[in-house]
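Student: This structure is in structure tokens; I'll ask about it shortly.
The values are calculated or read from the model by the stated rules, or taken from the named source; none is laboratory data. What you are looking at is a predicted structure, and each value in this text was computed from that prediction instead of being measured. Neighbour counts are summed over all protein chains in view; Cβ atoms, including those assigned to glycine, are modelled from backbone coordinates with ideal geometry. Side chains included, ligands, DNA and RNA excluded: accessible areas come from the protein's heavy atoms. Shrake-Rupley method; radii C 1.70, N 1.55, O 1.52, S 1.80 Å.
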Amino acid sequence: MNNFKKIVLLFLLLFVFEQILGFALEPVTYQHYLELELKQKHVEDMQPDMVFIGNSRVMTSFIPSVFSERLEEVDCAFNAGTGSQGIEGAYWYLKDILKQYDVKYVVFGLDYQTFLQEERVLKRDLVVLERIKSVPVKAGFILDVFEPSEYVYFLKSYQYRDQIWNCGENIRKKLSKEYRQGIYEDGETVYENLGFAREREVFGNRAGVYLSRPWTEEELDRERLAYLDRIIELCREEEVTLYAVSTPLTISTVCETPGYEECNRFFHQYLGERGIPYDNLNLMEDRGTLLPDETMNSMEHVGGDGAELVSAYYCDILQSRMRKEQEKNRLYDSVAEMKAGLPDLSYCDFHTEKLDEAGNRELTAKAFHREGVEVEYQFEKEAGGVTEVLQDYGTGETCPLPAEKIAIPMTLRARCRVRGGGTEKVFEIIIEEGTWE
Amino acid sequence: MQMARTFLIFGFAEMVSDIPSIYGIWTKCRSLLCEHNWYLLARPLQLFSGLAARDLVILGIGVVMMFVLDILKEKNVDLYGAAGRIPVVFRYLGYVSLFYAVILLGYGGGNAAGGFMYEQF
């Protein structure tokens, strides 16, 4: 065998091994289901005309079917959100989508955190790279974002080598009839349709105060911000209407994170100067009633049925905007206005602190409430199915928890209500083995 | 025999490698030789602590392979010649398998692609 044939044989073997290992090692991804659905749409002669792009907040907030059903201007929408998608990835992925489809509207999920200086997460770019179909766009993305030392990760065998012990499970899933038919297996996060994944879990009574990374203009990554301009420019070149939207965080995050107000102002001004409509859904009127923190899945993801509400709410905003009508759903301009519009009680900082070496602790509850409202608290402990009131309703924000009353596991509860009547809100902390270690 | 000797030399080097003074080395050597604290030479074994079962399996396979190759070498078996006699397709299959064994089982390059924030994507 001559050398040329040997080289061909070597590359052929490498290719075959890579394909087999890639199949075995790569876990089941949403991309498979999305592609099946888009192919089906193609068969039905439907082209996506609206696309949502952004990170997991977009992926879990916008239900494409709600938009295609409610918006007359949209026949088919799909959600191109991917976990932790960076702004660079959003630009290149969008470029690829606009090459493939005749899209009319792009909704860009603006996440403030994306623009702050931070360490790069390689995997988020690898997921986007996998989704890009066009070879020139793929090459552009690689040259723009990846370091040569990272090229080895393009081998799926290397990228997913930590999956080596899950090969059997991956293969079983991929060979199943359900997988081929595009039926998704259950989980806490459930892929539903056209790129949308629903978070099933909600905070419920476990809601607390969640702080995001403080925002300052000094920490703004100007290189990343430039990608926002590139997205705007790309949409202009392709004659696509671009909307920017921020999906809901918990109310406590919006109200308590330092710099959030300035950040909101900054992006309103930045996008306003460029003629891009921007809606911050954190500032929706009646937010405290429509989407309280108890209904959220995490600090930055809506949970349960929250996605339906967010999709419908934003749909109405877009509908009014497309028809140039008076908007039915209103958004406040500032966090201060939103705060003023919150119900009497919204969220509560409920925690325990160790007082001494004997193990005595103290419970503290501090509810966020409107000015002029006085809040009463009742503290309870539940262990072994028995609830004990540690401190009856009163205005005191602290309650002692003596060591002898501590049982593990147990649930500590703070009931808050406005003095003189009003809705009661309950907040819980679950104490398990290791919670206080 | 050679392996045992190498292990002892390596063990001794490991034992003294992080001692900052000559006096410290002297104390350790005295402890080893006069007080017969032979366990001090076994320090390289600490490298195995914290290894998962998977790592030990990989390590075991590697050690066995090296052992077999050593024995064949000692018996003057011409390994390159033997490899050359295997049909090209199978030989290349072997090379590619070894290449992927390193990719899949090797360490290095960090875990940049691992630990994804959201399990599903």
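Student: Can you work out the Karplus-derived ³J(HN,Hα) for every residue in the stretch A:347-363? Use 6.51 cos²θ - 1.76 cosθ + 1.60 with θ = phi - 60°, whole Hz, and x for glycine or proline.
Tutor: Result, rounded to whole Hz: 8, 9, 8, 10, 8, 10, 9, 6, 9, 8, 6, 6, x, 5, 10, 9, 9.
Student: Enter the Cα centre distance for the pair the stretch B:31-96 and the stretch A:279-318, rounded to the nearest angstrom.
Tutor: Spelled out, the Cα-based centre of one part sits 59 Å from the other.
Student: Calculate how steeply helix A:306-322 sits against the longest principal axis of the alpha-carbon atoms of chain A, using the helix alpha-carbon long axis, and give the answer as 0 to 90 degrees to the nearest 10.
Tutor: Tilt relative to chain A: about 70 degrees.
Student: Follow-up. Give, as a single signed number, the net charge of other residues whose beta carbon lies under 9 Å from the beta carbon of A:THR364, with Lys and Arg counted +1 and Asp and Glu -1.
Tutor: Every neighbour counted, the sum reads -3.
Student: Can you flag which of A:LYS95/A:LYS123; A:LYS138/A:LYS173; A:LYS41/A:LYS133 are past 26 Å Cα-Cα?
Tutor: Exceeds cut-off: A:LYS138/A:LYS173.
Student: Shielding of A:125-132 by partners, i.e. mean partner chain Cβ atoms within 10 Å per residue?
Tutor: Partner Cβ neighbours, averaged per residue: 1.
Student: Accessible area per residue for the protein assembly as shown in Å², computed with a 1.4 Å probe and the full protein assembly in place, what is it?
Tutor: Per residue, the protein assembly as shown has 52 Å² of solvent-accessible surface.
Student: To continue, here is another question. How well do other chains shield peptide A:29-35, expressed as the mean number of their Cβ atoms within 10 Å of each residue Cβ?
Tutor: 1
Student: List the DSSP H helices in chain B whose Cα atoms stretch 20 Å or more along the helix axis and whose mean Kyte-Doolittle hydropathy is at least -0.5.
Tutor: The answer, listed by residue number, is B:2-17, B:53-74, B:88-105.
Student: Right, another one. What is the angle, in °, between the Cα long axis of helix A:222-237 and the longest principal axis of the Cα atoms in chain A? Nearest 10 is fine, range 0 to 90.
Tutor: Helix A:222-237 sits at roughly 60 degrees to that axis.
Student: Let me ask something else. Could you work out the local net charge near B:VAL68, counting Lys and Arg as +1, Asp and Glu as -1, over the other residues with Cβ closer than 13 Å to its Cβ?
Tutor: 0
Student: Right, another one. Relative contact order of chain A, please, whole-number percent, based on alpha carbon pairs below 8 angstrom and at least 6 residues apart.
Tutor: 15 percent
Student: So how far apart, in nm, are the two label points at A:GLU178 and A:VAL190 if each is 7 Å from Cα heading toward Cβ?
Tutor: Spacing of the two 7 Å Cα→Cβ label points: 1.2 nm.
Student: In chain A, what % of DSSP beta bridges are antiparallel (nearest 5)?
Tutor: 75 percent
Student: Stretched out fully, how many nm does the piece from B:LEU79 to B:ALA53 gain, at 0.36 nm a residue minus the Cα gap?
Tutor: That pair, B:LEU79 and B:ALA53, stretches by 6.2 nm at full extension.
Student: Residues of the stretch A:60-106 that become at least 20 Å² less accessible with every protein chain present than in their own chain isolated, using 1.4 Å: which are they?
Tutor: Listed by number, the residues meeting the 20 Å² cut-off are A:GLY83, A:SER84.
Student: If you average the sequence gap of Cα pairs under 8 Å that are 6 or more apart and divide by the length of the stretch A:277-373, what percent do you get for the contact order?
Tutor: 27 percent.
Student: Which length gain, in nm to one decimal place, applies between A:THR216 and A:ILE20 when the Cα-Cα distance is subtracted from 0.36 nm times their residue separation?
Tutor: Net length gain for the segment: 65.8 nm.
Student: Hey, can you list the residues from the stretch A:133-153 whose accessible area shrinks by 30 Å² or more with all protein chains present, relative to the chain by itself (probe 1.4 Å, no ligands or nucleic acids)?
Tutor: A:TYR153
Student: Right, another one. Could you work out what % of the accessible surface of the stretch B:68-108 is carbon and sulfur, using a 1.4 angstrom probe and leaving DNA, RNA and ligands out of the count?
Tutor: Answer for the stretch B:68-108 is 69 percent, counting heavy atoms of protein chains only.
Student: Sketch the reach of a paramagnetic label on B:LEU105 as a point 7 Å from Cα along Cα-to-Cβ, and name the residues of the stretch B:37-77 whose backbone nitrogen lies under 11 Å away.
Tutor: B:55-66
Student: For the pair A:SER65 and A:ARG200, what calculated FRET efficiency results from E = 1/(1 + (r/R0)^6), where r is the Cβ-Cβ distance and R0 = 30 Å, to the nearest 0.05?
Tutor: Working from the Cβ atoms, E equals 0.95.
Student: Would you calculate, for the protein assembly as shown, the mean residue ellipticity at 222 nm contributed by helices, counting each DSSP H stretch of 4 or more residues as -39,500 (n - 2.57) and dividing by all residues, to the nearest 500?
Tutor: Rounded to the nearest 500, it is -13000 deg cm²/dmol.
Student: So if R0 is 22 Å, what FRET efficiency would B:VAL64 and B:ARG91 give, r being the distance between their Cβ atoms, rounded to the nearest 0.05?
Tutor: The formula returns an efficiency of 0.55 here.
Student: Separation between the A:GLU433 and B:HIS36 pseudo-spin-labels, each 7 Å from Cα along Cα→Cβ, expressed in nm?
Tutor: Each label point is offset 7 Å from its Cα along the Cβ direction, giving 4.3 nm.
Student: Which percent of the accessible heavy-atom area of chain A goes to carbon and sulfur, probe 1.4 angstrom?
Tutor: Ligands and nucleic acids excluded, carbon and sulfur give 49 percent.
Student: Amide H of A:PHE368: which non-local residues (sequence gap of 5 or more, or other chain) have their own amide H closer than 5 Å, using H built in the peptide plane?
Tutor: Counting only residues 5 or more places away or on other chains, the set is A:SER346, A:TYR347, A:CYS348, A:ASP349.
Student: Which whole-angstrom value gives the distance between the alpha carbon centres of the stretch A:144-166 and the stretch A:24-38?
Tutor: The distance from the Cα centre of the stretch A:144-166 to that of the stretch A:24-38 comes to 18 Å.
Student: Over the whole of A:155-164, what's the average partner chain Cβ count within 10 Å per residue? Rounded to a whole number, please.
Tutor: 4
Student: Still on this structure: To the nearest 10 degrees, how steep is helix A:122-131 against the longest Cα principal axis of chain A, on a 0 to 90 scale?
Tutor: The angle comes out at about 50 degrees.
Student: Here is a follow-up. Which three extents, in whole angstrom, do the alpha-carbon atoms of chain A cover along their principal axes, largest first?
Tutor: That gives 87, 55, 44 Å along the principal axes, largest extent first.
Student: Once label points are set 7 Å from the Cα along Cα→Cβ at both A:MET322 and A:GLU404, what is their separation, rounded to one decimal in nm?
Tutor: Spacing of the two 7 Å Cα→Cβ label points: 6.8 nm.
Student: Using a 1.4 Å probe and counting only protein heavy atoms, how much accessible surface gets buried when B and A come together, both sides summed, in Å² to the nearest 100?
Tutor: 2900 Å²
Student: So, with +1 on the Cβ of K and R and -1 on the Cβ of D and E, and no other charges, what is the size of the charge dipole of the stretch A:117-251 about its Cα centre, to the nearest 20 debye?
Tutor: So the dipole magnitude of the stretch A:117-251 works out to roughly 800 debye.
Student: Let me ask another. Which lysines have a Cα less than 30 Å from the Cα of A:LYS366, not counting those fewer than 8 places away in the same chain?
Tutor: Straight-distance partners of A:LYS366: A:LYS339, A:LYS354, A:LYS381, A:LYS405, A:LYS425.
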